[in-house]
Amino acid sequence: MSNYQAENITVLEGLEAVRKRPGMYIGTTSERGLHHLVWEVVDNSVDEALAGECNKISVSILPDNIIEVTDNGRGIPTGIHPKYGKSAMEIVLTVLHAGGKFENNNYKVSGGLHGVGISVVNALSEWLEITVRRDGKLWYQKYNKGVPLEDVKIIGKMKDEETGTTVKFKPDKEIFETLIYSYSILYTRLKELAYLNKGLTIEINDLRKSEVEKQKHESLKFDGGIVDFLDEIVGKDSMRIVKDPIYMMGEQDGVSVEISMLYTVNQTEVVYSFVNNINTHEGGTHVSGFRTALTRVINDIGKTQGFLKDKDGKLQGGDVREGLVAIISVKIPEPQFEGQTKTKLGNSEVTGIASNIVGSYLKMFLEDNPSTAKNIIEKIMFSRKAREAAQRARELVLRKSALDIGSLPGKLADCSSKNPDECEVYIVEGESAGGSAKQGRDRAFQAILPLRGKIINVEKSGLHRALENTEIRSLITAFGTSIGDNFNLEKLRYGKIIIMTDADVDGAHIRTLILTFFYRYMVELIQNGNVFIAQPPLFKVTSGKSVVYAYTDKQMKDIAIKMDSENKKYTLQRYKGLGEMNPEQLWSTTMNPDSRTLLKVSVDDVRAADILFDKLMGDKVEPRREFIEEHAEYVKNLDI
Ligand code: 0RA
């Protein structure tokens, strides 16, 4: 067999493997996997931008949910690749991990988490068209399910300086569970990418023609980069100790570190960290390097500038971090990811690099701006005092409210088992749904905790008032874990905490309030994978004696079409709330472990919702409502 044929067979086998086990390459074939295809292509364009060769990327959702990504980079090379005897363009599109096979492509930093390569997108697309503008020519090739229909050909002329790549693809319906792209998912991530890569223009267009979806267009470009990002997170009218974010950036041993930070009067610390544009939820060496240096510099400056007297003692990490809002963005050639969700940077050399850069820059900045330094250090000393006082008060409140000594809430219908591994608690909205759930459950292992109406918004109220709220107290005592610094996962009484709310806007709001509370005071529950969202059906379709349930509008339509085609008569009932279901229905559709669907809430999802929580929980009602309507969908589609 000639070498050429052998290479061809390897290529086909590679693509076949991707189609056989797509999950191995893109994680999942759910909505998340579908969007992953876009990130894979966009990552390549962002790499061009990082190499300084591209300043504009445009992403369009075309009618029929076809995606088109265009950049003005150098264009994928089109010369014949010596090893394969084929156009390099075809290699990039058909060989797994081809990116690394190009010697001149070593600037590539992206792709820590995804980075499987554009060939995977090709393999999982019904068809894919690629157009490259390079060397004054327009190059083109089309594929079906990863297989080229013909060789790369020249289809036009360009000006020499007009370069770039356009990838257009239609995800394969044989592979994906859904083919519908969400504008809000694409928008959220593309905006984040625009913030993280300052000066880069990212356009997003939604050109689908449909009655529901309006056509949308947005052009995102942030000359301030992560400083603008910080401004958006913190909000214009929040209480800032330092008005303008402090910005620092440096490079050492091929690692670039960029940080924006400021202090607000808030108590919480908010640090968003990224490595190669990927959100490192679990932090890592870049974050610890930053923290160490921050504490060291604050203490040094405090001393040398005389804001901190000997009798004050040393300021601790916890004091220094209160009210801190920071974005840390690191770019590194070979990131090592660790942790439960592989979102923790492990490269040990980065600790020192980040600490050096922050150490020298921040020291200089605070020496040059003594009044800012004074404000920050006074705030930190005040935080320390307040924190010590609050800790004493909290202990008192906790003791008084007996949250720690397990008197269970009155409305909790507990289960008989005491083994947390098999126990579940349903948090149910409203008394009537609570009643149905109590009758429908399997009391051996299912407990029901009905909530009366809306729970308090802990984002606005603070801990003290939250603890006075009956619903919050019921949650805490039912779980048995206590909260905040006193949280103890080992005391958790139920392995599964299942939020069951109506499938409407109010239900989404209540769910968000509950998740906000968990996120702020019991985040370990989410990290440990104990929190779930129940999925009640939206419709009941009855035909003669048979009953089927539909959980989405699409399912309902599919059922209706099928019934029509079989000439069956049927009636359709739309469930407006859980209360409309009788106990048996609630059991069989939503609570029976053998037939229900539970969506596990991950830190990923909550973190994505986190920036949004702030917005959501603010004082203005209108944006909140709009937001929930747009994102209710997002929360519904959390991955299992
Ligand atoms: C391989 C090598 C080079 C660039 C690319 C691939 C590349 C891939 C994509 C995918 C979307 N847009 C892209 N732009 C570039 C290096 C090219 C050179 O050295 O000239």
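Please treat every number below as a calculation from the coordinates, not as lab data. Here the structure is a predicted model, which is why all the values come from computation and not from measurement. In this analysis, Cβ positions are derived from the backbone assuming ideal geometry, glycine residues included, and neighbour counts consider all displayed protein chains.
Taking 29 Å as the straight-line reach from the Cα of Lys379, the lysines in range (excluding those fewer than 8 positions away in the same chain) are Lys236, Lys243, Lys303, Lys309, Lys311, Lys314, Lys363, Lys460, Lys615, Lys620. Quick one: which of Lys191/Lys221; Lys496/Lys540; Lys418/Lys491 span more than 20 angstrom between C-alpha atoms? Table pairs above 20 Å Cα-Cα are Lys496/Lys540. Bridgeable aspartates and glutamates around Lys153 (alpha carbons under 16 Å apart, same-chain partners fewer than 8 residues away excluded): Glu90, Glu129, Asp135. Placing unit charges on the Cβ atoms only, positive for Lys and Arg and negative for Asp and Glu, gives segment 306-373 a dipole magnitude near 120 debye about its Cα centre. Since only Ile67, Gly33, Cys54 are under comparison, the one whose Cα sits farthest along the positive direction of the charge dipole of segment 10-74, derived from C-beta charges on Lys, Arg, Asp and Glu, is Gly33. Using the basic label-point model (7 angstrom from Cα toward the beta carbon), what is the Glu378 to Asp135 distance in nanometres? Between Glu378 and Asp135, the label points sit 6.7 nm apart. Using a 7 Å offset from the Cα along the Cα-to-Cβ direction at both Asp504 and Asp64, what is the distance between the two label points in nm, to one decimal? Going from the Asp504 label point to the Asp64 one covers 3.9 nm. The ratio of the alpha-carbon radius of gyration of the chain to the globular-protein estimate 2.2 N^0.38 Å is 1.07. Stretched out straight at 0.36 nm per residue, the stretch from Glu338 to Ile9 would grow longer than its current Cα-Cα span by 114.9 nm. With a Förster radius of 22 Å applied to the C-beta separation of Ile180 and Val147, the computed FRET efficiency comes to 0.30. For a Förster distance of 22 Å, can you work out the FRET efficiency between the beta-carbons of Glu490 and Ser348, rounded to the nearest 0.05? Here the calculated transfer efficiency is 0.10. With a Förster radius of 35 Å applied to the C-beta separation of Glu218 and Ala51, the computed FRET efficiency comes to 0.90. Put a dot 7 Å past the Cα of Asp244, heading toward its Cβ, do the same for Ser595, and the two dots end up 6.4 nm apart. State the antiparallel share, in %, of DSSP beta bridges confined to the chain, rounding to the nearest 5. Approximately 75 percent, going by the DSSP bridge assignments. Fewest-first ordering of Met239, Met500 by other beta carbons within 10 Å of each residue's beta carbon gives Met239, Met500.
For segment 558-598, the residues whose backbone nitrogen is under 18 Å from a point 7 Å from the Cα of Ser417, taken along Cα to Cβ, are 587-588, 590-598. Farthest toward the positive end of the dipole of the chain, out of Thr571, Gln585, Pro148, is the Cα of Gln585, where the dipole comes from beta carbon charges about the Cα centre. Across the chain, Cα pairs under 8 Å and at least six residues apart give a relative contact order of 9 percent.
Taking the Cα centre of the chain as origin and assigning +1 to Lys and Arg Cβ atoms and -1 to Asp and Glu Cβ atoms, the resulting dipole is close to 1300 debye.
Only helices enter this figure: runs of n ≥ 4 DSSP H residues, each worth -39500 (n - 2.57), summed and divided by the residues of the chain, yield -12500 deg cm²/dmol at 222 nm to the nearest 500.
Across segment 263-360, C-alpha contacts under 8 Å between residues 6 or more apart give a mean separation that, scaled by the residue count, equals a relative contact order of 48 percent.
Taking 0.36 nm per residue of separation and subtracting the current Cα-Cα distance, fully stretching the chain between Lys545 and Glu162 would add 131.3 nm.
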